[in-house]
1. So which residues in segment 185-230 are assigned to a helix (DSSP H, G or I) and under 20 Å from the mean Cα position of the chain (by Cα), if there are any at all?
2. Of everything in segment 183-219 that's closer than 22 Å to Asn107 by Cα and not aromatic (Phe, Trp, Tyr), which residue is surrounded by the fewest Cβ atoms within 10 Å (Cβ to Cβ)?
3. Kindly indicate whether any position in segment 142-160 is small (Gly, Ala, Ser), in a loop (DSSP other than H, G, I, E, B), closer than 22 Å to Val106 by Cβ and open to solvent by 50 Å² or more (accessible area, probe 1.4 Å).
4. Do we find that Gly146 is in contact (Cβ under 8 Å) with a residue 12 or more places away in the chain, of a type outside the set (A, V, I, L, M) and over 21 Å from Thr17 (Cβ atoms) in this structure?
5. Within segment 73-99, count every residue that is open to solvent by 30 Å² or more (accessible area, probe 1.4 Å), part of a helix (DSSP H, G or I) and either among the β-branched types (Val, Ile, Thr) or within 17 Å of Arg47 (Cα to Cα) (or both).
6. Working only within segment 25-38, note down all residues that are surrounded by 14 or more Cβ atoms within 10 Å (Cβ to Cβ) and more than 19 Å from Arg94 (Cα to Cα).
7. Residues of segment 50-72 being in a helix (DSSP H, G or I) and either open to solvent by less than 40 Å² (accessible area, probe 1.4 Å) or small (Gly, Ala, Ser) (or both), which ones?
8. Which ones in segment 101-141 are farther than 23 Å from Pro167 by Cβ and assigned to a loop (DSSP other than H, G, I, E, B)?
Amino acid sequence: MEVERAGSAGVTASEVTAELAALEDPKARAVNEKHGDDHGVNLGKLRTLAKRLKTQQELAHELWETGDSAARLLSLLICRPKAFGHDELDAMVREARTPKVHDWFVNYVVKKSPHAEELRSAWFDDPDPVVASAGWALTVERVTKGSEGLDLARLLDIIEQQMKDAPGRLQWAMNTCLAQIGIKHAEYRTRVLDIGERLEVLKDYPTSPGCTSPFAPVWINETVRRQHDA
């Protein structure tokens, strides 16, 4: 632990949480709360703090245990993803209730863990839709980076049957999986486009100028067009 703490002069969790409290910005909180997040720390400043602290697994544990969202986001930036055990990660995903903490946990920690595939299978059908969304997010990773062993046709069957009525975060993850199957696997593209057009999930989602709509048919066609033009 002395080696881990050397880069930050033995800073304590209470000192870090006090620094995070000082970074609280009411305007940032108002914006974050619109997206379901309950903190007001600018993420750029949070990353700057993480760079100063460097990797500190024990401190990361202590910050996570505070339950504070900003502290948990920071903990995910300074932890060692491969140091967490299977059961520990399973407990953490059930505690990561806000969208940003959940997203960073899956992307910054679980995807780098040796337990990722085992957890993907365990979480995929979990009765908790937020936990299940983590399983689907890990499945998207497999679809895009190494789909050997995945039954893509079965995934499309599940999406076709369940995505329309799935809760928000789970629906978003399923939709991302649908789009990525259509983008990465041309042999399924016709079926994927048909599913997207019929279900109309996220068809009216507000999209900023210059950004691609998350509506799967638009997303797929635009991405494929760009790939062909590149």
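The values are calculated or read from the model by the stated rules, or taken from the named source; none is laboratory data. As the structure is a prediction and not an experimental result, all values here were calculated from the model. Cβ placement follows ideal geometry from the backbone for every residue including glycine, while neighbour counts extend to all protein chains displayed. Each accessible area value is taken on the protein alone, full model and side chains, heavy atoms only, with ligands, DNA and RNA left out. Shrake-Rupley method; radii C 1.70, N 1.55, O 1.52, S 1.80 Å.
1. As a first pass, look at segment 185-230 and keep what is assigned to a helix (DSSP H, G or I): 186-199, 216-229.
Passing the criteria: Ala216, Trp219.
2. Among those residues, the one meeting the criterion is Cys211.
3. Among the residues of segment 142-160, at least one is small (Gly, Ala, Ser), in a loop (DSSP other than H, G, I, E, B), closer than 22 Å to Val106 by Cβ and open to solvent by 50 Å² or more (accessible area, probe 1.4 Å), which makes the answer yes.
4. no
5. The total comes to 1.
6. Result: Asp25, Ala28, Arg29, Asn32.
7. Within segment 50-72, the subset in a helix (DSSP H, G or I) is 50-53, 57-65, 69-72.
Scanning segment 50-72 gives Ala50, Leu53, Gln57, Leu59, Ala60, Leu63, Trp64, Ser69, Ala70, Ala71, Arg72.
8. If the condition is that a residue be farther than 23 Å from Pro167 by Cβ and assigned to a loop (DSSP other than H, G, I, E, B), then Ser113, Pro114, His115 are the ones that fit.
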